[in-house]
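A.B. asks: Take this structure first; my questions come after.
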Amino acid sequence: MEAPLYPDFPLDPSTPPGGLPAFWVGPRHLAGDDKRLYDTVADTLAGLGWTSLTIVRGRHEPDEADEDRQVLRSTVLHISPDTLRWAQWSLADEPFHLGDLPIAWQISARADTSRPLAQWSAYFTPDVPGESVADFLVALDARDQPAVPIAGPELVLDAVAAHGWLRDIDQPQAAATDPTFTSHISLGEVPPLIQDADPRALTIEVDEVGSAGWQAWAEPTLGASCLWAVSFGASVPHDLVAAFAASLSSTAPVLRRVLPEATQERLLRAPAI
């Protein structure tokens, strides 16, 4: 059983991060993003030398003050030096939803610069631990060929099993869950609209089974809304998914000031001194 080390300490997720003391918390997969998902990932990308571009579209009338400008859509795009991989922060850009949650980060890669479209994409909603998204990007950045598979799906399940996650009884080769049965990772049919170079993603009929990709999610209360969700296109290399899965299931605590309301009572925490 997991319980707060300091259950009487008030933690209000609506309070700005600067107004709360920092805590080391675990497990990571239930710790949320500390309301810093953009900053955590963007700082990692800056450290890797990726270029960031802000795209803003809207209406600007003559003599109109900047603060009065009507912004219709805006995104932040981060591009690797070789332009083979990119990450788009789309939460402010009318994002589409994964389940009931909006997509915050879309990360994509292509095989070579002659291809205008992505070979694969991965999607992350808010409250995915930023450390895990960052570790996924570090692994992606380190790859010479970001779109070439070099390992099988077993690598993903081995990564979480090494941290105590349990393989699914019915699908031991395709799914696993954490010991509290709140977070899951599964290899199965990719949801609609997930972009991938596999042509079956675009030609699948209603009664056909589509291509398989990794999906991950946290469901703190059975039947309630998910805390977060992640979807990897069918062509995302398994070793990159394994890097995310290993980070997500890590037993190392993470630093947090703001905890998700849905998982506060499930988290161990100790003050960061």
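The values are calculated or read from the model by the stated rules, or taken from the named source; none is laboratory data. If you're wondering where the values come from, they're calculated on a predicted model, not measured in any experiment. Note: ideal-geometry Cβ built from the backbone for every residue, glycine included; neighbour counts use all protein chains shown. SASA here: full protein model, heavy atoms, side chains in, ligands and nucleic acids out. Shrake-Rupley method; radii C 1.70, N 1.55, O 1.52, S 1.80 Å.
A.B. asks: If you check VAL133, VAL148, VAL138, which single one turns out to be in contact with a strand residue (DSSP E or B) (Cβ under 9 Å, 6 or more places away or on another chain) and β-branched (Val, Ile, Thr)?
C.D. replies: Unique residue meeting the criteria: VAL133.
A.B. asks: In addition: For TRP217, work out the one condition from (1) under 30 Å from LEU117 (Cα atoms); (2) loosely packed, with under 14 Cβ neighbours inside 10 Å; (3) at pLDDT 95 or above it doesn't fulfil.
C.D. replies: Answer for TRP217: the failing condition is (2).
A.B. asks: Looking at region 237-264, I want the residues that are within 30 Å of GLY152 (Cβ to Cβ) and have a partner that is open to solvent by 40 Å² or more (accessible area, probe 1.4 Å) and aromatic (Phe, Trp, Tyr) with Cβ atoms under 8 Å, at least 6 apart or on another chain. Which pairs are those?
C.D. replies: Matching pairs, first to second residue: VAL254/TRP24.
A.B. asks: Mind listing whichever residues of region 137-146 are outside any loop (DSSP other than H, G, I, E, B) and either polar (S, T, N, Q) or open to solvent by less than 70 Å² (accessible area, probe 1.4 Å) (or both)?
C.D. replies: The answer is LEU137, VAL138, ALA139, LEU140, ASP141.
A.B. asks: Only one of SER108, SER121 is open to solvent by less than 10 Å² (accessible area, probe 1.4 Å) and touching a Gly at 6+ places or on another chain (Cβ under 6 Å); which?
C.D. replies: Details: SER108 fails: touching a Gly at 6+ places or on another chain (Cβ under 6 Å).
Result of the check over SER108, SER121: SER121.
A.B. asks: Going residue by residue through region 189-210, is there one that turns out to be in a loop (DSSP other than H, G, I, E, B) and either modelled with pLDDT of 95 or more or in contact with a His (Cβ under 8 Å, 6 or more places away or on another chain) (or both)?
C.D. replies: Among the residues of region 189-210, not one is in a loop (DSSP other than H, G, I, E, B) and either modelled with pLDDT of 95 or more or in contact with a His (Cβ under 8 Å, 6 or more places away or on another chain) (or both), which makes the answer no.
A.B. asks: Take PRO271 and tell me if it is more than 28 Å from VAL138 (Cα to Cα) and open to solvent by 50 Å² or more (accessible area, probe 1.4 Å).
C.D. replies: Values: more than 28 Å from VAL138 (Cα to Cα): yes; open to solvent by 50 Å² or more (accessible area, probe 1.4 Å): yes.
Yes.
A.B. asks: If you scan region 220-233, which residues turn out to be open to solvent by less than 30 Å² (accessible area, probe 1.4 Å) and more than 15 Å from GLY32 (Cα to Cα)?
C.D. replies: Within region 220-233, SER231, PHE232, GLY233 qualify.
A.B. asks: Related question: Starting from region 19-34, keep only residues that are under 13 Å from PRO253 (Cβ atoms), then list their pairs with residues that are assigned to a helix (DSSP H, G or I) and open to solvent by less than 20 Å² (accessible area, probe 1.4 Å) whose Cβ atoms are within a distance under 6 Å, requiring at least 6 positions of separation or different chains.
C.D. replies: HIS29/LEU248; LEU30/THR263
A.B. asks: Can you find a residue in region 124-134 that is out of contact with any Ser or Thr (no Cβ under 8 Å at 6 or more places or on another chain) and open to solvent by 60 Å² or more (accessible area, probe 1.4 Å)?
C.D. replies: no
A.B. asks: Name the residue that is farthest from LEU45 (Cα to Cα), counting only residues in region 147-173 that are buried (at least 18 other Cβ atoms within 10 Å of the Cβ) and modelled with pLDDT of 95 or more.
C.D. replies: Taking the candidates together, the pick is TRP165.
A.B. asks: Determine the pairs where a residue that is exposed (fewer than 13 other Cβ atoms within 10 Å of the Cβ), located within region 60-89, has a partner that is modelled with pLDDT of 95 or more with Cβ atoms under 8 Å apart, the partner being 6 or more residues away or on another chain.
C.D. replies: Partner pairs satisfying both residue conditions: PRO81/GLY49; PRO81/TRP50; PRO81/THR51.
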